[in-house]
Every structure is written in structure tokens, then in C-alpha cells.
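Colleague: Below you will find the structure I want to go over with you.
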Amino acid sequence: MPLCPAPHTAPHTAPPHILLPTTTTRLRMERTLVAVKPDGVQRGLCGEIMRRFEQRGFKLVAAKFMQGSEDFMKNHYLDLKDMPFYGGLCKYMSSGPVFAMVWEGENIVKLTRMMLGETNPAESKPGSIRGDFCINIGRNIIHGSDTLENAKREVGLWFKPEEFVTYTSCCQAFIYE
């Protein structure tokens, strides 16, 4: 049975005990990049991470499994180029497969950062992805865009326009008012 059955199109067709929500406000959807890093892929955590985003109510609009070059990762992490860990991070991110996804939802950049937890897993709360699955800052399993501006840049770097799927989730009316 699907998680979200197709909503009834006419009010009189719904069983009397089911109240169907309606969407009355215009949604301001954002998109963000979430990438399971090589350590998360090797540990088999892609499915668990996807599950958490789906259960939260976000919509997956693009995904790919790839291994980027070191130059690609240098471009991706350009905002960190002056940090002492930049070279090692880019080398590590290009050392194995990455599962990159674009998720869509209201206020998604901020909420994704909360779901991920702190960059340093030792400072992440239990229940967050890093709080539940990480120990070391150099192996913190997941990347998520930190600002809406960076999300737009990163999404454009990782995905071409034709790689997106446009659809309306059958659950949207149950997630947003």
C-alpha cells in the first residue's frame, strides 16, 4: 500500500470519517543539495538518509550516484578554499562514490541543516543524522547546503535542468496547509 494514497477528487467520494486537507496558501518551495559522502555510502546509509527526508515530508526531485573528480569537489567547496582542511576534504570527497540528491520543501535549507546536525558530530544532538551515525568530523557522512544562495549554486553545479523530475506529491496536502 502506498504511503500516501491518491486523494479523492470530489468531496462526496471521500469516506465520511476521512477529512481531506486543502492547500489554501501559496507555497514557497526551496531546493537544497544533500550528498551522502563516501563514508556514508560505504557504510550503507543512503537508504536511511533518504527515509528520514521522505518521512519529514520533503520531496526528492533529482538524484544521482557518482564519483566526482578532485577539481569538481574544489569547485563545489570553493567557499572553504581558505580553510586548512580544504585540500584534504576535496581529496576525500573525490575518493569514492557520492549519492547526490536535490530535495524540495518549504524552508528546506534551514530544516535540512537541523536534520544533519552540527558539522562536528561530537556537537550533534542524538536524533540528528550526524548525532546518530558519526563520531569524527572528517567522516561526518553527509553534506547539506548551508544557505539558500549556496544551495542554488550547488544544485546548479551537480545537476543539469533535464535531470529534475517535476511532479506533485500525493501527500502535499497532508504536509502543507
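Nothing in this text is a laboratory measurement; each read-out follows from the coordinates by a stated rule. Please read all numbers here as calculations on a predicted model, not as lab measurements. Every residue, glycine as well, gets a Cβ built from its backbone with ideal geometry; the counts of neighbours run over all protein chains shown.
Colleague: Put +1 on the Cβ of each Lys and Arg and -1 on the Cβ of each Asp and Glu in the chain; which of Leu45, Asn120, Ser169 then has its Cα farthest toward the positive end of the dipole?
Modeller: Leu45
Colleague: Please give the net charge around Phe164, taking every other residue with its beta carbon less than 10 angstrom from that of Phe164, where Lys and Arg add +1 and Asp and Glu add -1.
Modeller: With Lys, Arg at +1 and Asp, Glu at -1, the net is -1.
Colleague: Which of these, Tyr167, Tyr86, Tyr77, has the largest mean-square fluctuation under a Gaussian network model of the chain (Cα springs below 10 Å)?
Modeller: Greatest mean-square fluctuation among the candidates belongs to Tyr167.
Colleague: Let me ask something else. Are there trypsin sites (Lys or Arg not before Pro) in the stretch 74-166 that DSSP marks as loop and that have at most 11 other Cβ atoms within 10 Å, and which are they?
Modeller: Those satisfying the criteria are Lys81.
Colleague: While we're looking at this one, here's another question. Among residues other than Leu45 whose Cβ falls under 12 Å from its Cβ, what is the net charge (Lys/Arg +1, Asp/Glu -1)?
Modeller: So the environment of Leu45 carries a net charge of +3.
Colleague: Sticking with the crude label model, points 7 Å out along Cα→Cβ, report the distance from Thr119 to Ser95 in nm, one decimal please.
Modeller: The answer from the label model is 1.8 nm.
Colleague: Grab the beta carbon distance between Met66 and Val165, set R0 = 25 Å, and tell me the FRET efficiency rounded to 0.05.
Modeller: With R0 = 25 Å, the Cβ-Cβ based efficiency is 0.90.
Colleague: For the chain, report the translational diffusion coefficient in µm²/s to the nearest whole number, using Stokes-Einstein at 10 °C, 1.306 mPa s, and a Kirkwood Rh over Cα pairs.
Modeller: Calculated translational D: 90 µm²/s.
Colleague: Using the Cβ atoms and a cut-off under 9 Å, what net charge is assigned to the surroundings of Ile141, where Lys and Arg are +1 and Asp and Glu are -1?
Modeller: Residues close to Ile141 contribute a combined charge of +3.
Colleague: Further question on the same structure: Connecting C-alpha atoms closer than 10 Å in a GNM of the chain, tell me which of Asp146, Asp132, Asp82 has the biggest fluctuation.
Modeller: Of Asp146, Asp132, Asp82, the Gaussian network model singles out Asp82 as fluctuating most.
Colleague: Along Cα→Cβ, 7 Å out, is where each label goes; now give me the distance between the ones at Gln55 and Glu106 in nm to one decimal.
Modeller: If labels sit at Gln55 and Glu106, their model points lie 2.2 nm apart.
Colleague: Indicate the gyration tensor shape class of the stretch 77-155 (rounded, prolate or oblate), computed on the Cα atoms with a ≥ b ≥ c the square roots of the eigenvalues: a/c under 1.5 is rounded; otherwise a/b larger than b/c is prolate and the rest oblate.
Modeller: Because a/c hits 1.5 or more and a/b fails to exceed b/c, the stretch 77-155 counts as oblate.
Colleague: As a check on your grasp of the helix formula, calculate [θ] at 222 nm for the chain: sum -39500 (n - 2.57) over DSSP H runs of n ≥ 4, divide by the residue count, round to the nearest 500.
Modeller: Only helices count here, giving -9000 deg cm²/dmol.
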